[in-house]
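Below is one structure, written out as structure tokens; comments come after it.
The values are calculated or read from the model by the stated rules, or taken from the named source; none is laboratory data. Because the structure is predicted, anything quoted here is derived from the model rather than measured. Note that we place each Cβ from the backbone using ideal geometry, even for glycine, and neighbour counts take in every protein chain shown. SASA here: full protein model, heavy atoms, side chains in, ligands and nucleic acids out. Shrake-Rupley method; radii C 1.70, N 1.55, O 1.52, S 1.80 Å.
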Amino acid sequence: MDEQPLQQQRPWLNRYPDGVPTHLDLTRHASLADLLQESFRQHAALPAMRFMGRSWSFGELDRLSRRFAAFAQSQGLQAGDRVAVMLPNVPQYPVVVCGLIRAGLVVVNVNPLYTAPELEHQLQDADVKLLVVLENFASVVEQVLPRLPRLQVLITGVGDLLGPVKGTLVNTVLRHVRKQVPAYRIPAALYFNDALARGRGAPFVPPALGPDTLAVLQYTGGTTGVSKGAMLLHRNLLANVEQCAAWFEPARRTLIGQQFTIVCALPLYHVFAFTACLLLGLRVGGCNILIANPRDLAGTLKELSKQVFHFFPAVNTLYQALADHPDCATVNWRHLRVSVGGGMAVQQVTAERWKAVTGSGICMGYGLSETSPVVSCSPVDRTDFDGTIGLPLPDTELAIFDDEGRRLGAGQTGEIAVRGPQVMAGYWRRPDETAIVLRGDGFFLTGDIGVMEADGRFRIVDRKKDMVLVSGFNVYPTEVEEVVSQLPGVLECAVTGVPDAKSGEAVKLVVVRRDPALTEAAVRDWCHDRLTAYKRPRIVEFRDSLPKTNVGKVLRRALREAA
């Protein structure tokens, strides 16, 4: 396979949209700090983000993030120290992250909904010096502090950047009316607005940063094992944001006289939104509409009804929930140019429903924490949903390998591997785990099973560890879920394997009903007509909901453990 001509190994190069180059100049910026400085200068008057009726310009983000960088240096933090950011999509997140990048500090993204043990693991593993947390989650932080005596904590409230009048009102309502801030006691804590005040008068000395400087520790979601920190260097993230900018350019160039505006409903601490919303917006002079709680569907749609927007990255569950909501029609969707689904497989029924409601087809994207994250995407100028993860981005190579490490050809199923400038340097302090996934030839083994079609599109079959082995036959949960999801009366479903004395494993199907009248017999009949015998669910269970990560990805591991 390795001796084949380039166009045979990389047939996707012939399918790129017009105007998207196959190779990019990735030397434009030496670091993310350089990218920020250029964007702040070029787009100073444009809004960089919007939240709760207020906008902040690139110039304001420049000033606020510089103050935070100066504050961090005044606290004795040195370039390379790790700082954890435990915030939802509030304006403090871009301010803090841009400040940390400018100060040469390493961003450690933390899920605000972590339990105390999960939080403690990540803070200890990364040896975090400072934790920035929204006060709504400070009570969890309090629980871990006795075992992290050197950790400095900086607390902020939702309204801290909204001005003295509106900000005080918002914080008061959340604390005392809605009771959304559990009681906590952290006597040595610092507070966000005090930090900005200190930073206003403090000197800031930009450190020397280069492409190989560590920028982010992005912890894996833990859906397939222990959470590990993927080391993303400045050059990894710079490469991926340039790749994304080039890939979405066919859509952006249709916006004559309009600022590129992004719906940032995915949480920014997740690598998908970190790159495809925050960094992309900063790179192209775009504006991010920050949605702090997308699970509040009515509130999300109310906010979108006030906005003009062009780019909407999301996961299957969010697309489905918004399209089914009665308030969906209150939003003006006609400016929406690109909807990109990632994080989990987008189902065809969801894509068809979304397009019918909004007029926008869903492009499937694919990526991982270890790849900064995007490695492939459907062309944005094609709106027909085909169920694939599209084509590798510029300067990115995807390949399929078998269990012996041999490269396979088109149409053959094996493990997807990625080689490109966005691939991580390795796992933080885990050389043994790094050696398992990073081959000597530079390919990163994703753990996903897939196939390359003859024209260069790639298709995910399933997670390698989610595969169910029934009497020696491989059953891929996504295939069964795709079939069941098309049954009228099914809202959501998930498949996992359970031990079976006869077949080794059996297929278990968990269904969330859309129609309360849906019966087990109806589900079995549907599967009988559409799946071969060994793929049919042995067990069918109905539930009110499925266990999910905060991003909306179904946790099959939780279903397996429950079984």
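Of note:
- Residue count, the stretch 60-83 (criterion: under 27 Å from the mean Cα position of the chain (by Cα) and open to solvent by 10 Å² or more (accessible area, probe 1.4 Å)): 8
- Scanning the stretch 427-449 for residues that are under 19 Å from the mean Cα position of the chain (by Cα) and of a type in the set (Gly, Ala, Ser) yields a single hit, Gly447.
- Of all residues in the stretch 287-312 being touching a residue at least 60 places away in the same chain (Cβ under 8 Å) and more than 27 Å from Pro547 (Cα to Cα), the one that is most open to solvent (accessible area, probe 1.4 Å): Gln307
- Just one residue in the set Glu60, Glu135 is free of Cβ contacts under 8 Å to residues at least 60 places away in the same chain, under 16 Å from Asp194 (Cα atoms) and of a type outside the set (A, V, I, L, M, F, W, C); that residue is Glu135.
- When residues of the stretch 510-540 are limited to those that are part of a strand (DSSP E or B) and touching a helix residue (DSSP H, G or I) at 6+ places or on another chain (Cβ under 9 Å), the one most open to solvent (accessible area, probe 1.4 Å): Val540
- Here the condition is being within 23 Å of the chain's Cα centre (by Cα) and open to solvent by less than 10 Å² (accessible area, probe 1.4 Å); of Met52, Met86, it holds for Met86 alone.
- Restricted to the stretch 542-563, and to residues there that are free of Cβ contacts under 8 Å to residues at least 40 places away in the same chain and open to solvent by less than 50 Å² (accessible area, probe 1.4 Å), the residue that is nearest to Arg295 (Cα to Cα) is Pro547.
- Looking across Leu217, Leu209, one residue alone is open to solvent by 20 Å² or more (accessible area, probe 1.4 Å), under 29 Å from Val418 (Cα atoms) and among the aliphatic types (A, V, I, L, M). It is Leu209.
- Exactly one residue among Val346, Val340 is under 29 Å from Val484 (Cβ atoms), in a strand (DSSP E or B) and under 18 Å from the mean Cα position of the chain (by Cα), and that residue is Val340.
- Checked against (1) open to solvent by less than 10 Å² (accessible area, probe 1.4 Å); (2) β-branched (Val, Ile, Thr); (3) more than 17 Å from the chain's Cα centre (by Cα), Val315 passes all but condition (3).
- Residues of the stretch 486-509 satisfying the condition of being crowded, with 16+ Cβ neighbours inside 10 Å, outside any strand (DSSP E or B) and at pLDDT 95 or above: Leu487
- All positions within the stretch 223-241 that are out of contact with any Gly (no Cβ under 8 Å at 6 or more places or on another chain) and surrounded by fewer than 24 Cβ atoms within 10 Å (Cβ to Cβ): Thr223, Gly225, Val226, Lys228, Leu233, Arg235
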